Amino acid sequence: MKTKTQKQLIVVSIISFVVTVFLLTSTIFAWVSLSRQAGSSFISNLTDISSDFEFYIYRDSDFNGSGNKLITDECVAIDDENCFENIPNPKVSQIITPEMKPSDRISFALKIINKSSMPIDIRLSFGGISSTGYNEDYNKIQRAFMYEVTAIRYLNGGIEGDDIKSSANIINAHFESHEVSHYVLLNNFELSKNGTLNDRAVIYFDLYFDENIFGLNDLLESTGNSNVFMNQTLVVNNFYIELDV
């Protein structure tokens, strides 16, 4: 790969989605919406570098997460459960309305293919994180949510290989209560040039509602419960795919 000074950073596409979480008594109602940003194309390819991607959401009303399941466990019927739903052209808003509670997780997968004649580095990040329903930063619901890569597998001959996330530059962390422009999920993950081994991969990642994150009182002491998050809304506006060459 080229040095950093030689790299040209390009935002290949922006996946905008909103994760809205309502906490009502002991039940949390949530939905995930994938939709294009107003006044712009949903996918923006700003360079000559060519790549394809497929975006998946794991359909799981119990919100246990996808575990070790692969995108080959793909939903077929509209009411299928415990399978990945492929969003082939995510321009129209698609709504999922499950029930959530602390310790639940939403699972996603991204299949990306390098279509160029040179190796590329991939950088994935969340952006536009905010919370509504509570004024004080220290008790905003966003800090109770963790983002994490659960698996990375090269895809060769249509078969996913072993999980290699332990050797990748991944960041698993909670969202901050203050404004952060980018929460990097994966950095400098290499795909080889098109037509060679390891020119495509599947990246699995979750949003996890951490049951061990509690509210704070006015003295910034733990309340020992999650009640302060009731009636708050978590908004995740952007998911960025960036390529370096």
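Bear in mind that the values in this text are calculations on the coordinates, not laboratory data. None of these values were measured; they are calculated from a predicted model. Glycine also receives a Cβ, built like all others from the backbone with ideal geometry; neighbour counts cover every protein chain displayed.
A protection proxy built from the mean count of other Cβ atoms within 10 Å ranks the segments 138-145, 151-158, most packed first, as 138-145, 151-158. When a/c reaches 1.5 or more, the comparison of a/b and b/c decides; with that in mind, is the range 50-206 rounded, prolate or oblate per its Cα gyration tensor? It comes out oblate by the Cα gyration axes. Averaging Cα coordinates gives a centre for the range 202-238 and one for the range 49-73; these two points are 23 Å apart.
Cross-linked pairs 69/140; 140/165; 69/165; 101/165: Cα-Cα separations exceed 23 Å for 69/140; 140/165; 101/165. Over the range 92-245, what is the relative contact order in percent, taking alpha-carbon pairs closer than 8 angstrom and at least six residues apart? Computed over the range 92-245, the figure is 40 percent.
Our summary of shape: the Cα atoms of the range 139-245 have principal axis extents of 58, 25, 22 Å, ordered from largest down, in whole angstrom.
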